[in-house]
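Read the figures in this text as sums done on the coordinates, not as results from a lab. Computed from a prediction, not measured in an experiment: that's the story for all the values here. Note: ideal-geometry Cβ built from the backbone for every residue, glycine included; neighbour counts use all protein chains shown.
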Amino acid sequence: MDDDQDISDRGPARAAPRDSLFLLTTLSTPEGAPLGKARVRNLSATGLMADCERAVPAGIQIICDLRGIGKVTGMVAWSREDKIGLAFDEPIDPQLARKPVGAAATQQTLVPDYLRTTQHGVKRR
């Protein structure tokens with residue numbers, strides 16, 4: 001494969017640093033039509049790359065629901081078989097997707113069971 005072919009297979013140039021992770025999301029059109037589930041492979045402030053349940057065409061607007069961030073809109077910048085590159089309409093903070101969701105999740109992971117309290121402030125036995 002020559003260099004020109006290799007570059008064109010990568011999709012458009014990326015401006016923001018990417019963070020590799022595995023994160024599940026659902027995809028839909030702005031009208032609410034479901035496009036299936038996807039596994040986010042890498043995430044940046046301006047976009048993501050994901051493996052999808054089915055092919056999603058390039059050039060369409062979609063909405064994805066990202067854990068810790070919420071609903072994000074963007075355009076499919078490129079599509080190859082079951083993989084897509086999504087360019088967000090507005091930048092996000094990708095580190096929010098890595099944080100535990102909710103105070104209960106944080107409390108359960110950081111506090112040993114014998115130190116947890118009930119709703120009334122009484123230690124469990």
Review point. Distance in nm between label sites at Leu24 and Lys83, each 7 Å beyond Cα in the beta-carbon direction?
Key: 2.2
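Order of Arg80, Arg39 from fewest to most other C-beta atoms within 10 Å?
Exposure proxy ranking, most exposed first: Arg80, Arg39.
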